[in-house]
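See structure below.
The values are calculated or read from the model by the stated rules, or taken from the named source; none is laboratory data. No experiment lies behind these values; they were computed from the predicted model shown. Using ideal geometry, Cβ is built from the backbone for each residue, glycine included, and neighbour counts are taken over all protein chains shown. Accessible surface areas use protein heavy atoms only, side chains included; no ligands, DNA or RNA. Shrake-Rupley method; radii C 1.70, N 1.55, O 1.52, S 1.80 Å.
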Amino acid sequence: MRGFRAILLALVVAALILGPGCVKREAGPAPEKLITITDLAGRTVELRQNPEKVVTLYSQIPIAMRCLGIDLERIIGTDAFTIRQYGKLLPELEEKEIVGRHFIKLDYEKIVDLEPELVLATTTTLKRTEIEEKLKPAGIKVVALDFKIENFRKTLELLGKIFDREEEAREFADFWFGKLEEVKRRVEGLSEDERVRVYPEISQRPYVTASKGSSLHELITLAGGINISAGLEGRSPEVDPEWVVEQNPDVILKYPMGAEYQGGFGRRETEPFEEMRREIMERPGFDRIKAVREGRVYILSRDILGGVFENVGVCYVAKILYPDLFRDLDPEAYLKELVERYLGLDFEEVRGVFIYPPPSARP
């Protein structure tokens, strides 16, 4: 009996020493963390970090999210254009609810019905729609992003903060801007006479060119070229054929906006781009243009003109304009690394026509 009391006393003393922490309890849900951010429109927004239900309203947003390791299961709705552009690259987008035709043609009732915690849009959407006014009564937070190169690092940092991926955002931004800085460094030393003069077209229709403010103009200037249309009025003015002949550009670049076929991920047919190139080279009087005589006429896919893949587009254009200066630059290898390392995809499965003809194989 005395031994039993001693054992019991020992157990009581042990329990007092260890305290209530030794008792196994079910773990409750992690407390919600509220954060306050400033978006790319300069707006202050308070929201829950790591939101589980998100609507995205621009094609580049899911791509950027995947590059930061953010699970796309969080996306419960997106616009139809996003699915059309990147459905082959991110097949899971096909399963998302469609909340509008594109980022400025939106179905606000559908968005409200989905009850998202957060809507990720762009500064353009905020400027050109009533999204704030329409969603505020439902308590839905809206955050504006900006995918222009000068704001892209800030956009990545903001996504990193919202989804608790700040380290991943910094690492991806360093990778993304690395090649751009190298291109910039090399072309900075070119004199005005050494710079290549480029005539850009930005429509499936002929003679619709690209002036300042267009994505194609930005690619040309970042790659060290001179856009001969830069000083024209309007972002996409129409020019006279004889004007192009008189300008005698060294290179012609065309992005066939509005065409049924625009190349890109998963689209491997070269014939449509070949036909577009042939049409340019056979235009009346164009045989007098240096670019045509030397075969320096190229068709570009929409997929490398802006957003997450614009860095690759700049590398392609730099390779076209200055093949000797960028002899060691391999834009396709750079794109392959981005796709496999950050999107987690097999590049061979999503390979497509991004530029025709390839810079290293002018026909």
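Inside the range 277-301, can you point out the residues that are assigned to a helix (DSSP H, G or I) and open to solvent by less than 10 Å² (accessible area, probe 1.4 Å)? Explain how you work it out, then say what you get.
Residues of the range 277-301 assigned to a helix (DSSP H, G or I): 277-281, 286-288, 290-293.
The answer is Ile280, Phe286, Ala291.
Select from the range 39-67 the residues that are surrounded by fewer than 21 Cβ atoms within 10 Å (Cβ to Cβ), touching a residue at least 60 places away in the same chain (Cβ under 8 Å) and not acidic (Asp, Glu) and list them in ascending order.
Leu40, Ala41, Arg43, Val45, Leu47, Arg48, Gln49, Asn50, Pro51, Lys53, Arg66
Show the residue pairs meeting these rules: Cβ distance below 8 Å; 6+ apart or different chains; first residue within the range 329-353 and more than 23 Å from Ala223 (Cβ to Cβ) and without any contact (Cβ under 8 Å) to a residue 40 or more places away in the chain; second residue of a type in the set (A, V, I, L, M) and exposed (fewer than 15 other Cβ atoms within 10 Å of the Cβ).
No pair meets every condition.
Enumerate the pairs (first residue in the range 222-241 and among the basic types (Lys, Arg); second residue anywhere and surrounded by fewer than 13 Cβ atoms within 10 Å (Cβ to Cβ)) with beta-carbon separation below 8 Å, excluding pairs fewer than 6 apart on the same chain, so at least 6 apart or on different chains.
These pairs meet every condition: Arg235/Gly213.
Would you mind stating whether Pro272 is more than 30 Å from the chain's Cα centre (by Cα), open to solvent by 20 Å² or more (accessible area, probe 1.4 Å) and modelled with pLDDT of 95 or more? Spell out how you get there, then give the answer.
Values: more than 30 Å from the chain's Cα centre (by Cα): no; open to solvent by 20 Å² or more (accessible area, probe 1.4 Å): yes; modelled with pLDDT of 95 or more: yes.
Criteria not met by Pro272.
Is it the case that some residue within the range 161-178 is closer than 30 Å to Glu260 by Cα, open to solvent by 20 Å² or more (accessible area, probe 1.4 Å) and either among the hydroxyl-bearing types (Ser, Thr, Tyr) or touching a helix residue (DSSP H, G or I) at 6+ places or on another chain (Cβ under 7 Å) (or both)?
no
Checking the structure you have, find out if any residue of the range 217-225 is surrounded by fewer than 18 Cβ atoms within 10 Å (Cβ to Cβ) and assigned to a loop (DSSP other than H, G, I, E, B).
No, there is no match, as no residue in the range 217-225 is surrounded by fewer than 18 Cβ atoms within 10 Å (Cβ to Cβ) and assigned to a loop (DSSP other than H, G, I, E, B).
If you check Phe147 against the conditions, is it under 18 Å from the mean Cα position of the chain (by Cα), surrounded by 16 or more Cβ atoms within 10 Å (Cβ to Cβ) and over 11 Å from Thr78 (Cβ atoms)? Explain how you work it out, then say what you get.
Numbers: under 18 Å from the mean Cα position of the chain (by Cα): yes; surrounded by 16 or more Cβ atoms within 10 Å (Cβ to Cβ): yes; over 11 Å from Thr78 (Cβ atoms): yes.
Yes, satisfied.
Out of the range 263-275, which residues are of a type outside the set (Asp, Glu), touching a residue at least 24 places away in the same chain (Cβ under 8 Å) and either in contact with a Cys (Cβ under 6 Å, 6 or more places away or on another chain) or assigned to a helix (DSSP H, G or I) (or both)? Can you show your working first?
Residues of the range 263-275 that are of a type outside the set (Asp, Glu), as a first pass: 263-268, 270, 272-273.
Within this subset, residues satisfying the condition of being touching a residue at least 24 places away in the same chain (Cβ under 8 Å) are 263-268, 270, 273.
If the condition is that a residue be of a type outside the set (Asp, Glu), touching a residue at least 24 places away in the same chain (Cβ under 8 Å) and either in contact with a Cys (Cβ under 6 Å, 6 or more places away or on another chain) or assigned to a helix (DSSP H, G or I) (or both), then Phe273 is the only one that fits.
To keep it simple, each residue is scored yes or no on (1) under 26 Å from Gly285 (Cβ atoms); (2) modelled with pLDDT under 95.
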{"position": "Ser191", "(1), (2)": "no, no"}
{"position": "Val196", "(1), (2)": "yes, no"}
{"position": "Tyr199", "(1), (2)": "yes, no"}
{"position": "Arg205", "(1), (2)": "yes, no"}
{"position": "Gly213", "(1), (2)": "no, yes"}
{"position": "Ala230", "(1), (2)": "yes, no"}
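Restricting the search to the range 100-117, which residues are surrounded by 20 or more Cβ atoms within 10 Å (Cβ to Cβ) and under 20 Å from the mean Cα position of the chain (by Cα)?
If we filter the range 100-117 for residues that are surrounded by 20 or more Cβ atoms within 10 Å (Cβ to Cβ), which is where we start, we get 100, 103, 106, 111, 116.
Residues satisfying the conditions are Gly100, Phe103.
What's the number of the condition Ile131 fails, among (1) more than 26 Å from Tyr316 (Cβ to Cβ); (2) under 20 Å from the mean Cα position of the chain (by Cα)?
With respect to (1) more than 26 Å from Tyr316 (Cβ to Cβ); (2) under 20 Å from the mean Cα position of the chain (by Cα), Ile131 is out only on (2).
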